[in-house]
Each structure stands twice: as structure tokens, then as C-alpha cells.
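Since the structure comes first, as C-alpha cells, the remarks are kept for the end.
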Amino acid sequence: MPTLDLDTLSVNTIRTLSMDAVQQANSGHPGTPMAMAPVAYALWQRHLRFDPNDPIWPNRDRFVLSAGHASMLLYSLLHLAGVKAVNPKYETLGQLSVTLDDIKRFRQLDSRCPGHPEYRWTSGVETTTGPLGQGVATSVGMAIAGKWMAAHFNRPGFEMVGFHVYALAGDGCLMEGISQEAASLAGHLKLDNLCWIYDNNRITIEGPTDLAFSDDVATRFIGYGWNVTRVGDANDLAMLDRAFETAKKTTDRPTLIIVDSHIGYGSPTKQDTHAAHGEPLGEQEIKLTKRFYGWPEDAKFLVPAGVCEHFTAGMGARGAKLRGEWMALFEAYKAKYPEEADALFRMQHRQLPEGWDKGLPAFPPDAKGLAGRDASAKVLNAVAQNIPWIIGGSADLAPSTKTRLTFEGAGDFEAGSYGGRNFHFGIREHAMGAILNGLSLSKVRPYGSGFLIFSDYGRAPIRLAAIMEIPVIYVFTHDSIGVGEDGPTHQPVEQLVSLRAVPGLITLRPADANEVAEAWRVILQFRHQPACLILTRQALPTLDRARYASAAGVAKGAYVLADAPGGKPDVLLLATGSEVALCVAAHEQLAQEGVKSRVVSMPSWELFERQSPDYKEAVLPTSVRARVSVEQGSTLGWERYVGATGRAIGMRTFGASAPLKDLQKKFGFDPGNVVAAAKEQLGK
Ligand SMILES: Cc1ncc(C[n+]2csc(CCOP(=O)(O)OP(=O)(O)O)c2C)c(N)n1
Ligand SMILES: [Mg+2]
């Protein structure tokens with residue numbers, strides 16, 4: 001057994017577990033766990049306020065591994081610290097989140113140690129990064145959530161929320177634009193509860209960073225308004241300690257700790273080279289490296305006696321004490337501030353308050369109608385008053401997306417006024433998405449808005465919200481060529497179908513104001529799904545629900561809105577959003593001509609696909625093969641519903657810059673064209 005002091009022994013256990021796991025998997029990234037082991041160790045063992053027995057304790061410090069490829073670093077820590085598993089009901093289980101067996105099965109099917117865990121699959125993982133830069137940007141959302149929750153819940157003598165957020169980033173994270181957007185906003189907001197650790201190893205996949213990167217990172221961050229400090233040697237635990245102390249003591253800005261490190265530290269031929277980044281070291285190299293560490297050369301997956309106990313005595317004892325004090329304080333808080341305590345509890349469990357949907361507006365029939373975005377503004381402002389932890393904003397487009405909370409006391413979230421509920425993400429769609437993820441991971445209920453076309457700028461975090469199964473809400477307006485004069489750069493064509501292609505993401509494109517209200521009702525009840533509400537800029541007639549079916553059908557994703565006599569149609573007209581009213585007009589015209597049609601409003605393909613076969617058959621009877629779909633977007637995918645012989649009216653090119661009326665005519669979105677297509681389907 002090695003005769004090393006407990007600090008070194010622990011650090012080297014992290015290193016060797018990581019090397020062994022990558023070697024056994026014959027895949028993975030050993031170099032950065034080897035280099036960053038002392039950094040993570042110093043943070044976890046001496047600073048992080050985290051109780052391994054309750055990894056979801058609300059006031060825990062967060063550690064985000066933004067250099068997510070170094071996931072073995074985190075798995076080693078979770079194992080050695082004895083972090084416990086939590087089930088989907090947020091109940092803490094007795095067993096370890098990551099067992100030694102999981103580590104031995106790194107990157108294998110069903111192991112708790114996949115290549116990149118993100119959030120959800122492995123307890124104790126706050127979030128990591130597959131796509132570089134996401135983690136650090138998400139950490140900004142977590143820090144914002146900490147500030148908002150502190151402003152919302154803390155009372156004199158009751159500091160219920162006051163956690164710090166630490167994120168470990170590599171060169172890749174800092175090169176990505178998203179980290180620069182997020183750092184800029186974090187500096188602006190003076191998020192002093194945020195600390196990024198930059199692994200300055202000057203190596204990426206292709207080789208040394210000077211191939212493509214010569215930023216002065218320190219100066220850049222000083223320019224963003226950050227506090228910047230440096231640790232010249234990643235192995236210097238005392239220096240690391242001092243840096244973390246500085247970060248904790250800094251009260252008016254976020255902190256960046258630049259740590260100079262050696263990727264693959266200790267590996268005789270691979271240290272400081274890109275060969276240590278993304279492939280196993282090799283058996284022989286591992287032996288030599290272990291010899292350098294003073295480790296038994298042939299031991300594999302060795303956890304020396306005393307290491308786990310050392311973590312338990314350090315981070316474990318500190319975390320248990322802090323959590324215990326917090327729990328006691330929460331009992332007193334519950335007695336003194338029962339409403340706030342109830343809210344805090346519900347948030348943590350992703351529950352809604354009683355009466356959350358009271359005052360949800362109902363809209364009377366109106367031929368002139370109102371825009372989807374305007375209806376949404378009314379609905380959002382009603383429910384946000386019932387659900388105090390709905391917070392959000394826009395990437396500088398709130399006056400257009402109509403997502404501002406306008407009721408008294410809603411306020412703006414800014415440096416120094418952290419209780420506001422209206423966020424200004426600035427023109428930073430990509431960072432906005434990651435920040436929304438961070439907010440959601442911290443259990444507030446966030447929404448973000450923008451033009452549908454700019455969803456492209458934030459696709460990666462949208463996709464991650466779906467992977468992580470977190471209920472982020474997007475409000476995307478200006479949803480089609482209906483945007484008009486702004487022209488093709490602003491007119492989404494392929495965006496809706498591409499969002500529909502994201503597994504687990506729910507899209508809803510409501511047809512009128514009442515469908516907007518129902519869409520919000522559906523979305524707010526999601527606990528594990530992100531949703532995109534897709535809304536028009538232009539007014540839509542509010543349908544007469546006494547004459548047509550109730551908008552409650554939205555919950556099923558698609559429903560029969562207007563039908564042929566006796567429910568026996570000869571042709572189906574399928575549409576979403578602004579094209580539903582068009583189909584209703586065509587339906588009326590067809591009825592006058594004696595053609596029996598059915599209009600199906602299909603706001604959400606994803607929700608419809610979840611319905612029973614019977615329901616689906618009742619809405620779209622197999623026997624009716626004459627079918628027309630109408631949607632102001634790419635026709636891709638509509639063949640699923642209209643079949644090989646049906647007709648999809650939609651966009652096959654980009655749009656054009658012109659008044660809406662002219663565009664509708666040019667691209668065939670008028671009742672006459674729908675009527676003609678229906679008749680053609682019937683061979684008339
Ligand atoms: C957005 C994105 N682009 C590319 C990759 C592929 N990739 C994974 S790690 C890596 C290099 C990262 O270098 P660095 O952050 O310095 O990590 P180190 O090798 O130093 O650990 C790249 C390009 C990725 N994961 N995400
Ligand atoms: Mg690097």
C-alpha cells in the first residue's frame with residue numbers, strides 16, 4: 001500500500017481510477033482528470049458545501065463539469081465521496097450513485113458512468129457538457145437562480161438560499177462563443193456566487209492551442225467585469241485553497257480562476273500532448289505513470305483504505321453539518337413563513353401551487369381576433385401571478401414576443417435587484433438557452449422567448465433540455481412567412497419541423513387565442529419535458545367554440561375541430577396555427593358545395609403521437625384517404641399524416657419580402673387553394 005499523505009493518496013486515487021476506467025473502456029479522456037484531480041479535490045474536500053447523503057439539498061453548492069469529456073474525474077469524485085442515488089421522485093436512496101462496478105463499466109450500456117452524463121442519469125451530476133461551452137453557460141443560469149431565490153425566499157435570520165456555483169472549463173469551453181455571451185452577462189449581473197475554473201493546459205484535440213487561440217483570457221474576463229486570479233500549478237493545493245477563498249470572499253463580481261496545468265500529468269510520454277486528451281494511455285504507459293505517482297503498478301481500480309473515509313471526514317462531515325443546520329432552519333422557516341416554505345418545497349418537487357390556473361383567460365369569438373403572441377401575453381400574465389416562481393424574458397425581443405410580465409411587482413432582474421421576474425438576456429440566444437437550462441436545473445420555472453427563426457442560434461441548449469428532461473419553456477413568435485416584409489431571413493421555414501425532430505421536445509402551434517390558453521395549460525403541467533410554444537405575429541380569428549369543438553382538445557395534440565354531418569367526412573383538412581382558420585373557411589365553402597370535409601387542428605404532433613390508437617383512428621380515420629395538410633412551414637414530415645397520396649400545402653422554398661396578403665397569395669395559403677386541393681383529392 002502506498003505511503004502517501006491522505007491528500008496525495010486521494011488525488012492519485014482519482015487519477016488512477018480515471019486512467020483505469022478509460023483503459024478498460026478503451027475509450028474516453030484520461031488526461032484532464034489526471035491534471036485536474038487536485039483542483040477538483042481541493043474544491044470538493046475543502047470548500048464545496050455538498051452533503052453526499054442528500055445530493056439534492058436545495059442550498060448545496062453546485063459543481064458543473066463543463067469540460068464534460070473529463071467525466072471520469074466527476075465519477076471518481078462521486079464514488080469516493082460516497083454520493084447517494086436519488087430516484088425520479090426526488091427521494092434519496094441508500095445506495096451509491098456511482099459504484100466501483102459502474103466505474104469499471106465506464107461508457108458501457110446502462111452504466112451510471114456514460115461518456116457524458118449531462119443531468120438526470122447519474123445522481124450528483126448537476127450537469128456536464130457534451131457540446132463544449134454549455135456547462136459554463138448553464139452555470140450562469142444556476143447562479144442567477146441562486147440570486148433570484150435568495151431575493152425571493154430569504155428573510156432576516158433565514159438565509160434559505162445562498163449557494164455558490166463552480167464550473168470547470170477547458171480551452172474548448174472558453175473558445176466557444178456561448179461562454180463569451182454567458183460571461184458577458186454574468187459580469188453585467190455581478191454574479192458573485194459564480195466561479196469558473198479555467199484549465200489552462202493549452203492543449204485541445206488537434207494539438208497546442210496556439211494553432212487557433214491566442215486570446216489573453218485574463219484581460220478578456222477583466223473586461224467582462226470579472227475578478228480574475230491565477231494558480232500557476234494545478235498541483236499546489238495551498239494555492240488552490242487561496243484562490244477558492246478569494247472567490248468566496250469576492251462580493252461584487254464573478255471570479256475566474258486560471259489554473260495552469262499539465263494534461264496527462266505524470267505520464268512519461270504523453271503529458272502536455274494532445275495524445276493524453278482522448279484516448280487510453282496504454283497498459284505500459286499506465287504502469288509508468290503509476291510508478292511516478294508512487295502507486296502499485298499492477299493494481300487496477302484501487303481505492304486504498306482510508307480514502308473514502310477521508311472524504312467522509314472532510315466534505316461529508318462539512319456537508320452533513322450544513323445540511324442539518326439548514327433543515328433545522330427550514331423547520332423554523334416553515335412555522336414563520338408557511339407560504340414561502342410551501343413554495344420552496346413545491347418548486348423543488350416541480351409541483352404547481354394550488355389554483356395555479358385560476359383566472360386563465362377565455363376568449364370570446366372574434367372574427368378579427370388577436371395575434372398568438374398577444375393572447376399568450378394575457379395568459380402568461382395571468383398564470384405568472386398564480387405561480388410566483390415563473391421567471392423569464394427574452395433575447396432583447398420582449399416588446400415583439402410580448403413575454404413581459406406587466407403586473408405590479410413583477411420587476412426586472414438586474415444586478416442589485418435580484419428579485420425581479422423579467423429577465424433581459426441581451427442579444428444572446430445561445431447563452432439564453434443554456435441559462436434557461438441552469439434555471440430549470442435549479443428548479444425555478446423559466447421561459448425564454450425570441451423569434452422562431454432565431455431558435456437556430458439556440459438549438460444546442462434546446463436539445464440538451466430534451467436530453468436532460470427538464471421543463472424549460474420557449475415562446476417563439478413570428479412563426480412563419482406571416483412575418484411579411486422582413487423577408488426570408490426572418491421567415492422560418494424549416495425551424496418547426498426541425499424542432500419536431502428533437503426527441504422528447506414538445507412543440508405546440510396553437511390556432512387561436514383559446515388554443516393558446518390551452519397550450520399554456522398543457523405546458524405548465526410538464527415536469528420533465530421542454531416545450532416550444534410557436535406563436536404568430538399577426539392576428540388570428542378567435543373561433544366560435546359553440547359552433548366548433550372546444551379548445552381543450554389541444555391537450556391531445558390534435559382534435560376534430562369542425563366536422564362533416566354525422567362525423568362522416570370524405571376529405572380531411574389538417575392544419576396547425578394560423579392555417580387552421582384557413583381550413584375552417586375552406587371547410588365552410590366545401591360544405592356549401594356539398595363536399596363533406598373535416599378540419600383537424602393539430603397543434604402538437606408529439607402529444608398526438610402519445611394518444612391511444614383508438615383516439616388517433618377516431619381523429620384520422622384510416623378509411624379517409626383524401627387528405628390535405630396546410631402549414632406555413634416546410635412540408636417535410638406531413639406525409640406521415642396525409643399519406644403517400646395526400647397533398648401537403650406548405651413551403652418548399654424560402655419566403656419573400658412583401659406584405660402578408662401578397663405572400664399568402666403567392667405561396668397558396670388561401671381558402672380557394674385549399675378547396676381546390678380537397679376537390680382534387682376527391683377526384684372532382
Ligand atoms: C461544441 C463542441 N465542439 C467540439 C467538440 C469535440 N471536442 C471534445 S473535447 C474537444 C477539445 C477540448 O479541448 P479542451 O477544452 O482544451 O479540453 P482538454 O483536452 O484540455 O481537456 C473537442 C474539440 C465538443 N465536444 N463540443
Ligand atoms: Mg485544453
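Annotation for the range 189-209: no member residue is part of a helix (DSSP H, G or I) and away from ligand 2 (no atom under 16 Å from the Cβ). Among the residues of the range 168-184, which ones are more than 15 Å from ligand 2 (Cβ to nearest atom) and either buried (at least 24 other Cβ atoms within 10 Å of the Cβ) or within 9 Å of Ala137 (Cβ to Cβ) (or both)? Of everything in the range 168-184, those that are more than 15 Å from ligand 2 (Cβ to nearest atom) and either buried (at least 24 other Cβ atoms within 10 Å of the Cβ) or within 9 Å of Ala137 (Cβ to Cβ) (or both) turn out to be Ile178, Glu181, Ala182, Ala183.
The conditions of being open to solvent by less than 40 Å² (accessible area, probe 1.4 Å), within 16 Å of ligand 2 (Cβ to nearest atom) and not in a strand (DSSP E or B) are not met by Ala243.
Does the range 413-421 include one or more residues that are more than 30 Å from Val493 (Cα to Cα) and hydrophobic (A, V, I, L, M, F, W, C)? Quick ask: steps written out before the conclusion?
Restricting attention to the range 413-421, the residues satisfying the condition of being more than 30 Å from Val493 (Cα to Cα) are 413-421.
Filter once more, so that each one left must be hydrophobic (A, V, I, L, M, F, W, C): 413, 415.
Checking the range 413-421: at least one residue is more than 30 Å from Val493 (Cα to Cα) and hydrophobic (A, V, I, L, M, F, W, C).
Note on the range 247-272: among residues that are away from ligand 2 (no atom under 16 Å from the Cβ) and open to solvent by less than 60 Å² (accessible area, probe 1.4 Å), the one that is nearest to Met34 (Cα to Cα) is Gly266. The set of residues from the range 597-617 being of a type outside the set (Ser, Thr, Tyr), open to solvent by 40 Å² or more (accessible area, probe 1.4 Å) and touching a helix residue (DSSP H, G or I) at 6+ places or on another chain (Cβ under 9 Å) comprises Glu609, Arg610, Gln611, Lys616.
Taking first residues from the range 417-441 that are at positive phi and partners that are open to solvent by 20 Å² or more (accessible area, probe 1.4 Å), the Cβ contacts under 9 Å between residues at least 6 apart in sequence or on separate chains come to Gly426/Glu181; Gly426/Ser184; Gly426/His188; Gly426/Asp396. Only one of Ile387, Ile453, Ile427 is closer than 23 Å to Ala137 by Cα and open to solvent by less than 30 Å² (accessible area, probe 1.4 Å). Can you tell me which? Residue meeting the stated conditions: Ile453.
Counting the residues of the range 194-205 that are crowded, with 24+ Cβ neighbours inside 10 Å, near ligand 1 (Cβ under 10 Å from one of its atoms) and closer than 12 Å to Val39 by Cβ gives 3.
Having 1 or more residues that are surrounded by 24 or more Cβ atoms within 10 Å (Cβ to Cβ) is the bar; report the strands (runs of 3 or more DSSP E) wholly within the range 52-97 that clear it.
On the way: elements: 62-65, 84-86, 92-96.
In the range 52-97, the matching strands (runs of 3 or more DSSP E) lie at 62-65.
Pairing residues of the range 559-577 that are open to solvent by 30 Å² or more (accessible area, probe 1.4 Å) with residues that are part of a helix (DSSP H, G or I) and among the β-branched types (Val, Ile, Thr), at Cβ distances under 6 Å and at least 6 apart in sequence or on separate chains, gives Val560/Val619.
For Leu240, the stated conditions hold: it is hydrophobic (A, V, I, L, M, F, W, C) and under 18 Å from Met34 (Cβ atoms). Looking only at the range 279-322, residues that are open to solvent by less than 50 Å² (accessible area, probe 1.4 Å) and of a type in the set (Asp, Glu) come to 1 in all.
What number of residues within the range 24-40 satisfy the criterion of being more than 11 Å from ligand 2 (Cβ to nearest atom) and part of a helix (DSSP H, G or I)?
Initially, the range 24-40 is screened for residues more than 11 Å from ligand 2 (Cβ to nearest atom), giving 24-28, 30, 33-34, 37-40.
Of the ones still in play, those that are also part of a helix (DSSP H, G or I) are 24-25, 33-34, 37-40.
Final tally of qualifying residues: 8.
Is it fair to say Ala517 is outside any loop (DSSP other than H, G, I, E, B), over 29 Å from Leu663 (Cα atoms) and out of contact with any strand residue (DSSP E or B) (no Cβ under 9 Å at 6 or more places or on another chain)?
Numbers: outside any loop (DSSP other than H, G, I, E, B): yes; over 29 Å from Leu663 (Cα atoms): no; out of contact with any strand residue (DSSP E or B) (no Cβ under 9 Å at 6 or more places or on another chain): yes.
In short, no.
Just name the residue that is farthest from Ala415 (Cα to Cα) out of those in the range 140-193 that are touching a Phe, Trp or Tyr at 6+ places or on another chain (Cβ under 7 Å) and within 16 Å of ligand 1 (Cβ to nearest atom). It comes out as Asp171.
Evaluate the range 124-139: report whether one residue or more is away from ligand 1 (no atom under 16 Å from the Cβ), farther than 24 Å from Ala42 by Cα and either more than 16 Å from the chain's Cα centre (by Cα) or surrounded by 22 or more Cβ atoms within 10 Å (Cβ to Cβ) (or both). Steps first, please.
From the range 124-139, those away from ligand 1 (no atom under 16 Å from the Cβ) are 124-126; that's our starting set.
With the extra rule that they be farther than 24 Å from Ala42 by Cα, the set shrinks to none.
Looking for residues that are away from ligand 1 (no atom under 16 Å from the Cβ), farther than 24 Å from Ala42 by Cα and either more than 16 Å from the chain's Cα centre (by Cα) or surrounded by 22 or more Cβ atoms within 10 Å (Cβ to Cβ) (or both), one finds none in the range 124-139, hence no.
Out of (1) surrounded by fewer than 24 Cβ atoms within 10 Å (Cβ to Cβ); (2) in contact with a strand residue (DSSP E or B) (Cβ under 8 Å, 6 or more places away or on another chain), what's the single condition that is false for Arg120? Only one criterion is unmet by Arg120, namely (2). A Cβ distance below 6 Å, combined with a sequence gap of six or more or placement on separate chains, defines the contacts here; from the range 504-530, residues that are closer than 22 Å to Leu439 by Cα and among the hydrophobic types (A, V, I, L, M, F, W, C) reach residues that are open to solvent by 20 Å² or more (accessible area, probe 1.4 Å) and at pLDDT 95 or above in the pairs Ile506/Gln529; Ile506/Glu606; Val522/Ala555.
Take the conditions open to solvent by 40 Å² or more (accessible area, probe 1.4 Å), away from ligand 1 (no atom under 12 Å from the Cβ) and within 14 Å of His274 (Cα to Cα) and apply them to Asp215. Does it pass?
Numbers: open to solvent by 40 Å² or more (accessible area, probe 1.4 Å): yes; away from ligand 1 (no atom under 12 Å from the Cβ): yes; within 14 Å of His274 (Cα to Cα): no.
No: the conditions fail for Asp215.
Evaluate the following for Ala37: is it open to solvent by less than 10 Å² (accessible area, probe 1.4 Å) and touching a residue at least 24 places away in the same chain (Cβ under 8 Å)?
Numbers: open to solvent by less than 10 Å² (accessible area, probe 1.4 Å): yes; touching a residue at least 24 places away in the same chain (Cβ under 8 Å): yes.
Criteria met by Ala37.
Asp101 satisfies every condition listed in (1) more than 16 Å from ligand 1 (Cβ to nearest atom); (2) touching a helix residue (DSSP H, G or I) at 6+ places or on another chain (Cβ under 8 Å); (3) in a helix (DSSP H, G or I); (4) free of Cβ contacts under 8 Å to residues at least 60 places away in the same chain except (2).
The values are calculated or read from the model by the stated rules, or taken from the named source; none is laboratory data. Just so we're clear, the structure is a prediction, and the values are computed from it rather than from any experiment. Here the Cβ is made from the backbone with ideal geometry for all residues, glycine too, and neighbour counts use every protein chain on show. Areas reflect the complete protein model, heavy atoms only, side chains present, ligands, DNA and RNA absent. Shrake-Rupley method; radii C 1.70, N 1.55, O 1.52, S 1.80 Å.
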